[in-house]
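These notes concern the structure reproduced below.
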Amino acid sequence: MILGSINPAVLLAALMVAATPILLAAIGELVVEKAGVLNLGVEGMMIMGACIGFIVAVNTGSPFIGFIGAALGGMALALLFALLTQALMTNQVASGLALTLFGLGLTALLGQRYVGITPPRTPKLDLGPLSDIPFLGRALFTHDIVVYLSIVLVAAVWWFLKYSRAGMILRAVGENHDAAHALGYHVKRVRVLAIMFGGACAGLGGAYLSLIRVPQWTEGMTVGAGWIALALVVFASWRPWRALAGAYLFGGVVVLQLNLQAAGVRIPVEYLSMSPYLITILVLVIISSGKGRSLDAPGSLNRPFHASS
Amino acid sequence: MRKTLLRLEGLSKSYPGVRANDDISFEIGEGQMHALLGENGAGKSTLVKMIYGLVRPDAGAMTLRGAAYAPSQPSEARRNGVAMVFQHFSLFDALDVAENVALGMENPPPLRDLAARIRTVSEEYGLPLDPSRLVGELSAGERQRVEIVRCLLQDPKLLIMDEPTSVLTPQEVEILFRTLRQLSGEGTAILYISHKLEEIRALCDEATILRGGRKVATCDPREKSARELAELMVGQLLTPPERPERPFGEVVLEVEKLSLKSNNPFGTSLKDISFQLRAGEVLGIAGVAGNGQDELLLMLSGELRAPSPQVRLKGDPVGHLGPNGRRAMGLVAAPEERLGHAAAPDMSLTENALLSASRRKRLERGGFIDWGKTEAFAREVITRFDVRTPGPHVLARALSGGNLQKFVIGREIELDPDVIIVNQPTWGVDAAAAATIRQALLDLAGKGAAVLVISQDLDELLEVADSFAALNEGRLTPVRPAKGLNVEEIGLMMGGAHDMHVAHEAAQ
């Protein structure tokens, strides 16, 4: 029995690790889209984080400083996007695509001398007796701190959007920017801050790939994780906990197909590697079929804001 | 003599190419109901934006209760006791009532306490509201209550109302007025912007009239007739449109028991709509915004397809045809939203003329556009409807609302249709242009076309319509002859005041 060789506890643990980069990027993009901005540059900001985080970690010897560098790197690229779309009023879709291409190219240049190096190891968080619980301990409590941070971040974003006044203003700006402006809120300021937060999250997600998951630097190593994160936001109907569920679902498919490959299932490897992406497409089609404008989508998403007065 | 609350001295504001406000001075007393009157583009909006801190004046000064007042943003105005109810609601569809109220306040209490206060205040003023409902699900009247309650919770000294009654039924207007009088009695001054003169004569004790950015008069509106006020506003004499008596022809457009789901999640689905429209007849359809007007227009123009046999044009089923198919058969339509629906904002007037006229005016041959002919057609529309623009090469978005409206309606009228459907034909258009558009519609009917006018302006409908029906929550009332109908009856056809009467009586 082929499937018998797959250990569910290990699978669950691997799933959380596989899901973390896209979860981080998705929760950032979720906040950006809630503020009414569509940033298609997630892939570019992720690879930027992966590269800068790797360089900083190798040079300082500390993965934690590396993660901080990654967040700043992602944020720097996001600021460029903010400058283009919020100050210079360029088209968001085109600017986002350009950001991805720019990020891929820039990191290929910056990371040239770092190919083949092993980064400093990120320690696992020692949770003491918790990790000795049978099954659950192995599956849930043997991770590094970033995995837990990503879950805390989801909870924080959920709380922020639902209960805080700042979160309410952010939703208002994304829902109807003209009304928000008329009430005297600073639409652009809110949006720039949200874009920066999105960039930092995407950067962290990228660094998780290069410092923990892989761990190595190679050109273009995000291979579409940013696009998956974008799809995940729609999949989650702009709700944080659903983004977590979606990320873990996606992580599960990735890990399962890897395990199936390793177990030697007689399906061509290419089909298995395709499966996470196929499932993403399938889920998006199912979700978006049969409705006009989704009730959940922010009303001003991807609409440029000109203050008329 | 009551004490002065707000004094404006020499306020001026220019935008590139326009002097929006020029040296405007007047005073508002405490508890006074002060009307601000003027045509579209007279500078009313700019003036109140300056008072509310959204726009900074170029010159001039304001004094509020004796102290200098120069708000740099709306929050500063709100702190000083100035509140505003917007013409186009400043509400957020996907947020609930309490959140919407909280967004308009400086220091809102926690949402749970706020919900309780919303209930108290809304009942006190006869404006019932459920704080937990999503705003996107509310009717236009209810949405306005959200705005008013939002202002009331901050104990305003001055409440600015920008054309508040344009979306209300006559009964709802009555209740709004009662609320405003109650507020005024409590010492809150109200700056009331409108171009509905009878309303102002009923409500206000002083009126300032603007024309072309300047103040032309301050007067007591109760001492002037509506006609005198209108002539002050427009600066010329007005003639009501002519309406020759004429017999109606055969039924050309017929809709039978049609129900259709809206394509917009916050829209209103059409329910069991039936009516007949005869050649030469003008059918007016009244109703408060959001009761299915958009859907009705989309269904008739062909943008929303309907089960074929239930929509018949000259006896032929047309429900399955799109807008072009119906245009070819003689049915044209002009939707309410000018920019982006009736006209493509970034295309020139010539191109916009082509978009709807190519079929009936044969502006295309073998897939190629005859630009010469198209431009000539655009020029014809511009001349005949007095569209003020440098020429047909100008982009649609560069025209003012009224001018663009004349163009899009004129474009359809020039097609010589058998049936024309218009939604809000004179919305945001000044009185002179509105008269031109109404006259053109009547002339068209005189030539034997069937005209269907959907409008929220009752005066307009009474002026042009031969027969009359109202939309209420997606249902159409039976069609009645317009002659002999009074505003009271029309109000009831429009659905009365929803649940407001009861609440007001309960509050007293």
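The peptide list A:221-230, A:122-131, B:172-181, A:245-254, put in order of mean Cβ contacts within 10 Å with the highest first, becomes A:221-230, A:245-254, B:172-181, A:122-131.
Please give the Cα centre distance for the range A:226-285 versus the range A:29-69, rounded to the nearest Å. Between the Cα centre of the range A:226-285 and that of the range A:29-69, the gap is 21 Å. Selection among A:Val147, B:Gly322, B:Gly484 by position relative to the dipole of the protein assembly as shown gives A:Val147 as farthest towards the positive end (Cβ unit charges, Cα centre). A simple packing score, the average count of other Cβ atoms within 10 Å per residue, orders the peptides B:372-381, B:265-274 as B:372-381, B:265-274, with the highest score first.
Look at the stretch A:165-174: the mean tally of other chain Cβ atoms within 10 Å of its residues' Cβ atoms is 4. Rounded to the nearest Hz, the phi-derived 3J(HN,Hα) couplings of the range B:325-339 under the Karplus curve 6.51 cos²θ - 1.76 cosθ + 1.60 (θ = phi - 60°) are x, 6, 4, 4, 8, x, 10, 10, 9, 10, x, 6, 6, 6, 7, where x marks glycine and proline.
Sorting B:455-462, B:389-396, B:147-154 by their mean Cβ neighbour count within 10 Å, with the most densely packed peptide first, gives B:147-154, B:455-462, B:389-396. Radius of gyration over Kirkwood radius for the protein assembly as shown, both on Cα atoms: the Rg/Rh ratio is 1.03.
With Cα atoms defining each centre, the range B:263-292 and the range B:393-423 are spaced 21 Å apart in the structure.
Let me spell out the model: positive unit charges on the Cβ of Lys and Arg, negative unit charges on the Cβ of Asp and Glu, origin at the Cα centre of the range B:107-182. What dipole size does that give, in debye rounded to 20? Write out the running numbers ahead of the final one.
Details: 10 positive and 12 negative charges, 44 e Å.
Result for the range B:107-182 is approximately 220 debye, rounded to the nearest 20.
Once you have the Cα-Cα distance between A:Ala155 and A:Thr218, take 0.36 nm times their residue separation minus that, and quote the gain in nm to one decimal.
Values: separation 63, 0.36 × 63 = 22.68 nm, distance 3.21 nm.
This chain segment gains 19.5 nm when fully extended.
Suppose R0 equals 51 Å; then what is the FRET efficiency for B:Phe368 and B:Arg214 from their Cβ-Cβ distance, rounded to the nearest 0.05? Computed FRET efficiency for B:Phe368 and B:Arg214: 0.50.
For peptide B:265-272, how many partner chain Cβ atoms fall within 10 Å of a residue's Cβ, on average? The partial results should precede the final answer.
Details: counts 5, 3, 1, 0, 0, 0, 0, 0.
Average per residue, whole number: 1.
Inter-chain Cβ neighbour count for A:175-182, averaged per residue, equals 6 (cutoff 10 Å, partner chain atoms only).
In deg cm²/dmol and to the nearest 500, what is the mean residue ellipticity at 222 nm of chain B if only DSSP H runs of at least 4 residues count, each as -39500 (n - 2.57), divided by the residue total? Spell out each step's value before the answer.
Values: 17 runs with 173 residues, N = 508.
Estimated from H runs of four or more residues: -10000 deg cm²/dmol.
For the pair B:Ala116 and B:Glu27, a Förster radius of 45 Å applied to the C-beta separation gives a FRET efficiency near 0.75, rounded to the nearest 0.05.
Starting from the Cα of B:Arg359, step 7 Å along the direction of its Cβ; do the same at A:Ile133; then give the gap between the two resulting points in nm. A separation of 6.7 nm, rounded to one decimal place.
Each value in this text was obtained by applying a stated rule to the coordinates, not by laboratory testing. Because the structure is predicted, anything quoted here is derived from the model rather than measured. Cβ: placed from backbone, ideal geometry, glycine included. Neighbour counts: every protein chain shown.
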